[in-house]
Amino acid sequence: MPRIIKYIFYDILRTRFILLYTVFLFVCTFALYQLDSDTGKVIMSLMNVVLMAIPLVSIVFTTIHFYNSYEFIELMLAQPVNRKTIYLSEYLSVGLSLCFAYCIGIGLPIVFYGLAPGSLTLLFTGLMLTLVFVSLAFLASVLTRDKAKAIGLALLFWFYFSLIFDGLLLWIIYTFGDYPLEKVTVALVAFNPIDLARIMMLLQLDISALMGYTGAFFQDFFGSHIGIVFSAGVLLLWILVPLILATKIFLKKDL
Amino acid sequence: MKIIVFCSVLVFTLAYAEARTYRVSKQGKITTLKEAVALSDHGDTIIIEPGIYKEGNVIIEKSLTILGNGLPTMDGEHKYEIFTIHATNVTVSGIRFIDTGVANINDLAAIKILDSKGIKIQHNKFENTFFGIYLANTTSSLIEKNTLYSHGIAENQIGNGIHLWKCENITINKNNIKGHRDGIYFEFVTNSLITNNHSEGNVRYGLHFMFSHNDEYYNNTFLRNGAGVAVMYTKNVKMIGNTFDENWGSSAYGLLLKDIRDSEVTNNTFFKNTIGIHLEGVSRTNFTENTFTENGYAVRLQASSDDNVFNRNNFSANTFDMATNGSLVLNQINGNYWDKYQGYDLNKDGIGDVPFRPVNMYAMIVERIPAAILLWRSFFVLLIDRAEKAIPVVTPEDLKDSSPSMKPYDFAATSK
């Protein structure tokens, strides 16, 4: 498995996309720090990058990469190697290289400019989101044989989690505004990894506006140890469930 | 007539000549303050030497000067009110008061002053008192440089630090109040001055006043109080140079204004409050040169307020700069600095060319449905917010700053 990972890793490096991605994140973060002296504000802006750009890049890049290495996978399958090993190696090398890019691109400048409250959460949620969307991309890739369709599906995933879901949630909150919705919304939020990541960040940043009865309820839940473990656990589930599903499909799939 | 003048002169000189000093000490001739008070006459001075005095309730009905030498302690033994003053021109200074009784019916205090005039309470310390200093129906008095500390837990277990009811011409200066129910409480107090006080960690309000007209508040600090500062049913109040910090929690305001008229809120700093200023039924009040930083809501302007002017304030790093609950706008908001302003200034006069709308659309939604706060800062909300900025539908169209400043004002320079 390590050897396969090594080859895939070289392959990823050869496309130079990962390098560009790292440089993009690095320049972005540095520029934000240059523009604003208030680290709290910078973290806030970075949060937008993390919540928008990182899922998008992760999911699209992974899907494209998967189809580009289709021939490689077929070749490997001709060898006496376990299907699962190949698939997981693919996942690990893509996931790790994206995480690596993220750590250098955003992590380095953050550490360089000094840790502010929330920056560790930012790093953590960014890494989790990267892995979640790599998982989703793998799922999208095994669902169809057509590359264009898979990319479409991947984009749909991204679109759904960053936009449509929130719209639906707001609609539900609006429609059922007369009922006590606190617990329901907490449960619903668990169905969207981006929302979970955002709330984890929010609690570090604008707690005061979250106050009021409802805010205090959310603060009590997500701010407590149980809440943090809950959010992290759900994010982990978001990584594992699509991956396991995708692996299962891949194992039975007629390539 | 001459005889009367002569007599009164004689009486005055005699009184003056006979102004004596009594020393109360554990070892000396007079061992209790009660004894000294009984012996003394108008205009006398009593000096209390160091020691712990447990005398129950001391009633002072003469014009005395009571001074502590080396901070003697008056102990209320968790049972009594310590001093009850009912006379003119009494001075109490340099004494430590501890452990008064707790009673909600007769409001036990360390020093209670009733129907008096010309009282001076200075340099005293109050520890674990129910009420600290309690003034009722008193005029022309000074409360200065006292320290009041209590460890208030529940509202009904603790009284107010400095409590004034129906007073006039009172000066409250440089006191330090911590852990009471209300730090400073005013009801029907007029023409008074509250300056340089520090009110911290009180269970309810740092400063609470009602029906108290023509009062002025300068350079006070209100820190981490349960619900900040509440000002209600009052006209002609001046609040200048105060600091409202970290009043945080589900019902915390920096400054809560309710039914206030013709007042002035100038040069104050609001930092990290859940709500900087909450206005309800406020009329003809000027808000100038205030700084709002890192608050949840900087200003919550209820539609019941009218003719208020917001001018030359700095708003930065607040989650919501302004929130309101209706579409009717009868207030003027002009020439403030908003860090969220994204307009331009073509003629370089320092004033933005397009108006700024401080009310965030999402703030309106949250006002209506609090659970919606969960979606704050999501991409979706950002989009509808942008759409709303372009074509206001939900937010009041007239609530805008037509001449926003491009740069933050530097108030430190102007005030010096």
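The values are calculated or read from the model by the stated rules, or taken from the named source; none is laboratory data. If you're wondering where the values come from, they're calculated on a predicted model, not measured in any experiment. No Cβ is skipped: glycine too gets one built from the backbone with ideal geometry, and neighbour counts run over all protein chains shown.
Structural remarks
- Restricting attention to the stretch B:215-261, the residues being touching a residue at least 60 places away in the same chain (Cβ under 8 Å) and charged (D, E, K, R) number 0.
- Residue in the stretch A:185-203 that is farther than 20 Å from A:GLY227 by Cα and either at the interface with chain B (Cβ under 7 Å from one of its Cβ atoms) or not acidic (Asp, Glu) (or both) present: no
- So A:SER37, is it assigned to a loop (DSSP other than H, G, I, E, B) and closer than 22 Å to A:GLN204 by Cα: yes
- Criterion violated by B:PRO358 - all others in (1) over 25 Å from the mean Cα position of the chain (by Cα); (2) more than 14 Å from chain A (Cβ to nearest Cβ); (3) over 24 Å from A:LEU202 (Cα atoms) satisfied: (3)
- Condition check for B:PHE315: assigned to a strand (DSSP E or B) and in contact (Cβ under 8 Å) with a residue 40 or more places away in the chain: yes
Rundown of residues vs (1) of a type in the set (A, V, I, L, M); (2) touching a Gly at 6+ places or on another chain (Cβ under 8 Å); (3) closer than 30 Å to A:ILE73 by Cβ, yes/no style:
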residue	(1), (2), (3)
A:PHE165	no, no, no
A:LEU169	yes, no, no
A:VAL189	yes, no, no
A:ARG198	no, no, no
A:THR247	no, no, yes
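- In this structure, A:GLU74 does not satisfy being acidic (Asp, Glu), assigned to a helix (DSSP H, G or I) and within 17 Å of A:ILE12 (Cβ to Cβ).
- Annotation for the stretch B:193-214: at least one member residue is basic (Lys, Arg), in contact (Cβ under 8 Å) with a residue 40 or more places away in the chain, more than 18 Å from B:ARG261 (Cα to Cα) and surrounded by fewer than 24 Cβ atoms within 10 Å (Cβ to Cβ).
- Restricting the stretch A:156-184 to residues that are β-branched (Val, Ile, Thr) and farther than 22 Å from A:VAL132 by Cβ, the residue that is nearest to the other protein chains (Cβ to nearest Cβ): A:ILE173
- Note on the stretch B:361-382: residues that are part of a helix (DSSP H, G or I), among the aromatic types (Phe, Trp, Tyr) and at the interface with chain A (Cβ under 7 Å from one of its Cβ atoms) total 2.
- Qualifying positions in the stretch B:98-118 - of a type in the set (A, V, I, L, M), within 14 Å of B:HIS163 (Cβ to Cβ) and either surrounded by 18 or more Cβ atoms within 10 Å (Cβ to Cβ) or not assigned by TED's automatic domain parsing to the domain that holds B:SER212 (or both): B:LEU108, B:ALA109, B:ALA110, B:ILE111, B:ILE113
- Whichever residue in the stretch B:323-341 is within 14 Å of chain A (Cβ to nearest Cβ) and in a loop (DSSP other than H, G, I, E, B) and, among such residues, is modelled with the lowest pLDDT: B:ASN325
- From A:LEU92, A:LEU20, A:LEU13, A:LEU108, residue being more than 20 Å from the chain's Cα centre (by Cα), in a helix (DSSP H, G or I) and surrounded by fewer than 22 Cβ atoms within 10 Å (Cβ to Cβ): A:LEU13
- Options B:LEU330, B:LEU346: the member that is over 29 Å from the mean Cα position of the chain (by Cα), of a type in the set (A, V, I, L, M, F, W, C) and surrounded by fewer than 19 Cβ atoms within 10 Å (Cβ to Cβ): B:LEU346
- Selection within the stretch B:309-322: residues that are surrounded by fewer than 24 Cβ atoms within 10 Å (Cβ to Cβ) and not hydroxyl-bearing (Ser, Thr, Tyr). The member of this set that is nearest to the other protein chains (Cβ to nearest Cβ) is B:ALA317.
- Being touching a Gly at 6+ places or on another chain (Cβ under 6 Å) and of a type in the set (Val, Ile, Thr) is a description that does not apply to B:VAL237.
- Qualifying strands (runs of 3 or more DSSP E) (wholly inside the stretch B:234-308; at least 2 residues being within 14 Å of chain A (Cβ to nearest Cβ) and surrounded by 23 or more Cβ atoms within 10 Å (Cβ to Cβ)): B:253-261, B:275-280, B:297-301
- Of all residues in the stretch B:144-186, those that are part of a strand (DSSP E or B) and farther than 21 Å from B:HIS213 by Cα total 7.
- Sole residue being at pLDDT 90 or above and within 14 Å of chain A (Cβ to nearest Cβ), chosen from B:PRO408, B:PRO404: B:PRO408
- None of A:GLY223, A:GLY233 is of a type in the set (Gly, Ala, Ser) and under 30 Å from B:ILE275 (Cβ atoms) except A:GLY223.
- Of the residues making up the stretch A:56-64, one or more are in contact (Cβ under 8 Å) with a residue 24 or more places away in the chain, among the hydrophobic types (A, V, I, L, M, F, W, C) and within 14 Å of chain B (Cβ to nearest Cβ).
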